[in-house]
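Here's the structure we're looking at; comments come further down.
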Amino acid sequence: MEEKKRIGFDADDSLIKTMEPLNGFHNAKYGKKLTLEDYKTYYFSQTWEMPEEQAVRDVQSFYESEYYDQIEVTEGALEVVNYLSPRYDLDVITFRPGKNIEKYLLTTFSKLFLPDSFSNVYHIERGNDPQVQKWEKCKECNIPILIDDYHEHLILAAGQGIYGILLPAPWNKDVTDLPKKITRVRNLDEAVEVIEKNEKVIWGF
């Protein structure tokens, strides 16, 4: 049997809606009224106006709170994953702060997606020194394309020859001059269209 081609997916706000309940957690804890449009950067400490260490602790507390249980799939994610998974190996590459976080993601995925939807789930701990990047995992695992909502991951990956699809998010809508290997889309359905139109370029066949 021919080995299936591999596609890398970010988790948070690409496949699952993490920011909405995280923002709700933060607002409830600090009496704030932030909306998602207030997040001009994915560095939460800047939006929350607190030291990075405190922001990391708050995110870890969020994973253990009732707010984390409110996470849902992003629009179209279940349909797209079910469509792609028979043809491709789908690998999740997530970048989260703190240890022992992977178990929360695995529980969420098992609840929201069909069994065997994903071939692998790779959790990269944010803050390690030296910091492992998503492109390194893509290279290690022969994943030539990454779908993500955070442009910095894709820009670094593009510099290593990895194709990127950028999903919409408040923290990337003002980003311009993206590398040619990155395609901005409006939703996951458009991401599928990009993949299918560019298979020969992405996988070289």
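The values are calculated or read from the model by the stated rules, or taken from the named source; none is laboratory data. Since we're looking at a predicted model, the values are computed, not measured. When we count neighbours, we look across all protein chains shown, and the Cβ atoms used for this are built from the backbone with ideal geometry, even at glycine. Accessible surface areas use protein heavy atoms only, side chains included; no ligands, DNA or RNA. Shrake-Rupley method; radii C 1.70, N 1.55, O 1.52, S 1.80 Å.
Summary table below
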| quantity | calculated |
| --- | --- |
| Residue in region 67-89 that is in contact (Cβ under 8 Å) with a residue 24 or more places away in the chain, over 27 Å from Arg6 (Cβ atoms) and hydroxyl-bearing (Ser, Thr, Tyr) present | yes |
| Residue satisfying condition, being part of a loop (DSSP other than H, G, I, E, B) and aliphatic (A, V, I, L, M), within set Ala157, Ala169 | Ala169 |
| Exclusive hit being under 17 Å from the mean Cα position of the chain (by Cα) and not small (Gly, Ala, Ser), set Tyr39, Tyr67, Tyr88 | Tyr39 |
| Region 6-32 residues that are without any contact (Cβ under 8 Å) to a residue 12 or more places away in the chain, paired with ones that are part of a loop (DSSP other than H, G, I, E, B) (beta carbon under 8 Å, 6 or more apart) | Asn27/Lys33; Asn27/Leu34 |
| Thr47 open to solvent by 20 Å² or more (accessible area, probe 1.4 Å), part of a helix (DSSP H, G or I) and in contact with a helix residue (DSSP H, G or I) (Cβ under 8 Å, 6 or more places away or on another chain) | yes |
| Region 33-44, subset in contact (Cβ under 8 Å) with a residue 60 or more places away in the chain and not acidic (Asp, Glu), residue most open to solvent (accessible area, probe 1.4 Å) | Lys40 |
| Those residues of region 138-161 which are without any contact (Cβ under 8 Å) to a residue 60 or more places away in the chain and open to solvent by less than 60 Å² (accessible area, probe 1.4 Å), in sequence order | His151, Leu154, Ala157, Ala158, Gly161 |
| Residues (buried (at least 17 other Cβ atoms within 10 Å of the Cβ) and assigned to a helix (DSSP H, G or I)) located in region 79-102 | Val80, Val81, Leu84 |
| Flag for Val201 being of a type in the set (A, V, I, L, M), assigned to a helix (DSSP H, G or I) and over 19 Å from Asp91 (Cα atoms) | yes |
| Looking only at region 11-32, and only at residues there that are in contact with a helix residue (DSSP H, G or I) (Cβ under 7 Å, 6 or more places away or on another chain) and in a loop (DSSP other than H, G, I, E, B), the one that is surrounded by the fewest Cβ atoms within 10 Å (Cβ to Cβ) | Lys32 |
| Complete set of residues in region 154-205 that are more than 19 Å from the chain's Cα centre (by Cα) and of a type in the set (Ser, Thr, Tyr) | Thr176 |
